[in-house]
1. Hey, B:E292 hits all of (1) in contact (Cβ under 8 Å) with a residue 24 or more places away in the chain; (2) in a helix (DSSP H, G or I); (3) open to solvent by 10 Å² or more (accessible area, probe 1.4 Å) but one; which does it fall short on?
2. Taking interchain pairs and intrachain pairs at least six residues apart, which have beta carbon atoms under 6 angstrom, with the first residue in segment B:426-448 and in the same structural domain as B:P273 (by TED's automatic domain parsing) and the second in a helix (DSSP H, G or I) and of a type in the set (D, E, K, R)?
3. Can B:L130 be described as more than 29 Å from the chain's Cα centre (by Cα) and touching a residue at least 40 places away in the same chain (Cβ under 8 Å)?
4. Filter segment A:234-264 down to the residues that are more than 10 Å from chain B (Cβ to nearest Cβ) and among the basic types (K, R) and list them by number.
5. What residue, of B:R113, B:R175, B:R166, is within 23 Å of B:L420 (Cα to Cα), basic (K, R) and in the same structural domain as B:H95 (by TED's automatic domain parsing)?
6. Within segment A:188-203, restricting attention to residues that are in contact (Cβ under 8 Å) with a residue 24 or more places away in the chain, open to solvent by less than 30 Å² (accessible area, probe 1.4 Å) and not hydrophobic (A, V, I, L, M, F, W, C), which residue is farthest from A:K71 (Cα to Cα)?
7. Would you mind telling me which numbered condition in (1) part of a helix (DSSP H, G or I); (2) open to solvent by 20 Å² or more (accessible area, probe 1.4 Å) B:V302 fails?
8. Regarding segment B:311-334, can at least one residue be identified that is over 16 Å from the mean Cα position of the chain (by Cα), part of a helix (DSSP H, G or I) and either closer than 22 Å to B:V523 by Cα or not acidic (D, E) (or both)?
Amino acid sequence: MGLRATTSDLSDMNDTQFNEVTQNHGSERSGLMVLMQNGYKRMEMTVSRLPLLGNLYGRIFYGPLLRREAKVAGLEEGSKVVVVGSGHLPLTGIHLAKQGMRVTCIDNDPEATSSAVRYAARRSHSGELEFMTEDGIHHDYSEAEAVWVAFNVSPKEPIVRKAVDDMETGGKVIYRNPRGLLAKVYGVVSPSEIPAGHRRIRHLVGKDSLVLVNRLECDHCLRKTLCSLEEGCEGVIAAGPEDPVLRALGIRPGKTVRSLCRQPLGGPLLACVDGRKVAIDMDIARTITLV
Amino acid sequence: MEVLLIGPPNVGKSVLFNRLTGIDVFMANYPGTTVDYKRGHASVGDRRYTLVDVPGTYDLEASNEAERVAIRMLEGKPSGIVFVLDAKNLEASMHLLLQVLEKGLPTVAVVNRSDLVRGKVDTAFISQELGIPVVTSIATQSQGLDEIKSLVGDLLEGKVSPSVPRSSDWREAERISSQAKVPLGEMDRIERWGELMVRPIPGIPIAILVMVATFGFVVGLGMGLRQMVILPLFRGHLFPFIEGAVTGVVSDGVLLNILIGDYGVLIKTIEWPLGLVLPYIISFYLALSILEDSGYLPRLAVLIDGLFRRIGLSGSHIIPFLLGYGCAVPAIMSTRNINDRRKRIMVSAMVCMSVPCVAQSGAFISLLAEASIWLVPAIFLFSLLAAFTFGMVLKRVMGINREVMIQEVPDLLLPDLNILGKKLWIRVRHFLSDGVLPMAVIIAVAAVLYETGVLIVIGEMMEPLVVGWLGLPAEAATPLLLGVFRRELTVLPLLDMDLSMLQLFTASVVALLYIPCIAVIGVLAKEFDLRTAAYMLIVTMVVSFAVGGLIYQIASIIL
């Protein structure tokens, strides 16, 4: 457990200053949004003093969500990640550290950093966890493998763009877009406007997670697979599972495959090889890579 | 002398087998119809031989039951092999052929389905490359049979030398087939339809339409046959004749009642199996055969996969369910190509529990349509709902993992009328020989028990359950007793009982969920073990009474 606080002047900033800091980039924000963000911050502050509540929320809701995001992003133990806008209650950082990652949490509010350090000290995890007071727009992301941009970070888009620009090929940026009414208040950062491949994870309530991948053009997957092949398009198979039936049906390296359509409710993908139609489970389609 | 007929699935081996032997092997346009192998005797000139229809396999790697059967047969030293290649998917069949050639047995090859490619497959080239005789055929149109017969003659006379084993990797298969293959032409209209039908739009609306139309066809044709043909014949001519003959010989009394009374043997043994059930056997199996031969079922399987995933199954498991609407026995047999035993049990249990067989469906329709035509779809929708709910429960209880779907979607074909007629006849004949007689015997036994008062005594014993809990008249205990023997007998005796709508629905639900018939129990014990069969008995019994009772109790509070 490596817990380090590299914050300076933790105590000499008061609430008014904190508002100024957060409003640095906030020219286009609506009043309602500021109200909600501040409310959210207060709530986090309260919860950070009630560890049991935070623990419960993390275990039931937030933990699984993060695990899904990390899985889609293909992160493993030891991955170096940055969390932007970790706030008073650094659940993202703690959960990722619990998964064994090396985590740096940054927040532009020193007060948040200090209570985050306090909160994290009482949590055990197997990775590294570090807190810094820094504005996300100035941070250097070049060494990170993945960057989480928190929901309440504002303005989100420049930070997402900077992270994508800073990172090497294949670096991932994960952020969440609100849905429905929330989207009207917060606005969304459209992933298609950022020069990176993306994949959307739909959550049950409120938000979508977006995993951006630096300098990849695929729209659905992080690798070029049969699953990422657009409907009606053709691709050449590079590798696939060693299944005799699949091979007999023409799913073999070197074969040209056309994606016909996908079935609803997570049903199979219909592919066509040499005029032969084959329905392939999505889980398998994802393992069939294309040249 | 034994000759094996080997090839990939859905290549027409069974059709070829039928043409060569004249035996009616079952075939359909979905992969893996032949789970068991079939043997038949045939002759070329004056030489008799045994032809074996080996289950179709994509490979010889022993990864599933069909492949293990095929390997075992190849190792049984047959006199020769007739290998069936698929003209349309030459490469995959070539790969399998190369694997078969490794066995070093006398082999000849037939390129079947050559009507489905535009142009001619270069058989001379294949023959030269592999050193075996090769001919083309169109089995469904009986083309090329003489050539095949003469090749089999050569095999029997030892004129074909054992094959030379050679490399069987994919590259070799690709090389040979790419040179022998003719390019696939443009899609014709039926192929384009075939592709549209498997796209979610318009595939799903079409699927719903097809299912509703099938249901309408089965019910409509069945009712039509019954009302227009069979009943007038029976009521107008046969029954008056029987009654006249009996009253002429037997005077009033128990014997007369047994013969032509309420459960009169001479009337019911003819009316129930032939008048009530047979029309639906004909209409259902006609519809199912059309669906099978057209190649629509794999499309349905692909479309419904997403739904079946929810209960841990894959869309291809819809086949046992559809067969189950005919009879649970072939449905349970067809689960043999499911590799996971627990999944086999799960599918079998769902079929036993909530899929009515065609005989019972016919009985439902006769019973319910007279009271209200809406009760008929209601009970069938209930059956679907029950199957899904039961599936969810079983998935949890048995800890079923999700099944991964890899399924070939064969081309849509116009069913061949000749083959269609043959298939229908095989199934109807099966009902006439194996279904009618047991049913008649049980009706006869029931008639004796009824007229001697035994059934009434048993009915009184079951009164608290039947009358108190299910809200049915006391004599409704009779069908529940008879239902042990045949599923439709849980329904048919209710016909003459004058029940209210609620009673009809409750009784139908109980009958639907009630224990499977004795033949099914036997198959369960044979395919799995006695314990599984016993579990099935207990579970279906308990669930049927519980659900039926709940429906009645709740409805009687509300109404």
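The values are calculated or read from the model by the stated rules, or taken from the named source; none is laboratory data. Please read all numbers here as calculations on a predicted model, not as lab measurements. Cβ: placed from backbone, ideal geometry, glycine included. Neighbour counts: every protein chain shown. Protein only, heavy atoms only, side chains kept; ligands, DNA and RNA dropped before computing areas. Shrake-Rupley method; radii C 1.70, N 1.55, O 1.52, S 1.80 Å.
1. Result: B:E292 passes all but (3).
2. Once the first residue is in the same structural domain as B:P273 (by TED's automatic domain parsing) and sits in segment B:426-448, its partners that are in a helix (DSSP H, G or I) and of a type in the set (D, E, K, R) give B:I443/B:K268.
3. Details: more than 29 Å from the chain's Cα centre (by Cα): yes; touching a residue at least 40 places away in the same chain (Cβ under 8 Å): yes.
So B:L130 fits the description; yes.
4. Residue satisfying the conditions is A:R258 alone.
5. On the way: B:R175 fails: within 23 Å of B:L420 (Cα to Cα); B:R166 fails: within 23 Å of B:L420 (Cα to Cα).
So the residue among B:R113, B:R175, B:R166 that is within 23 Å of B:L420 (Cα to Cα), basic (K, R) and in the same structural domain as B:H95 (by TED's automatic domain parsing) is B:R113.
6. In this case the residue turns out to be A:G197.
7. (2)
8. Filtering segment B:311-334 down to residues over 16 Å from the mean Cα position of the chain (by Cα) leaves B:311-315.
Cutting the leftovers down to part of a helix (DSSP H, G or I) gives us B:315.
Filter once more, keeping what is either closer than 22 Å to B:V523 by Cα or not acidic (D, E) (or both): B:315.
Checked segment B:311-334: at least one residue is over 16 Å from the mean Cα position of the chain (by Cα), part of a helix (DSSP H, G or I) and either closer than 22 Å to B:V523 by Cα or not acidic (D, E) (or both).
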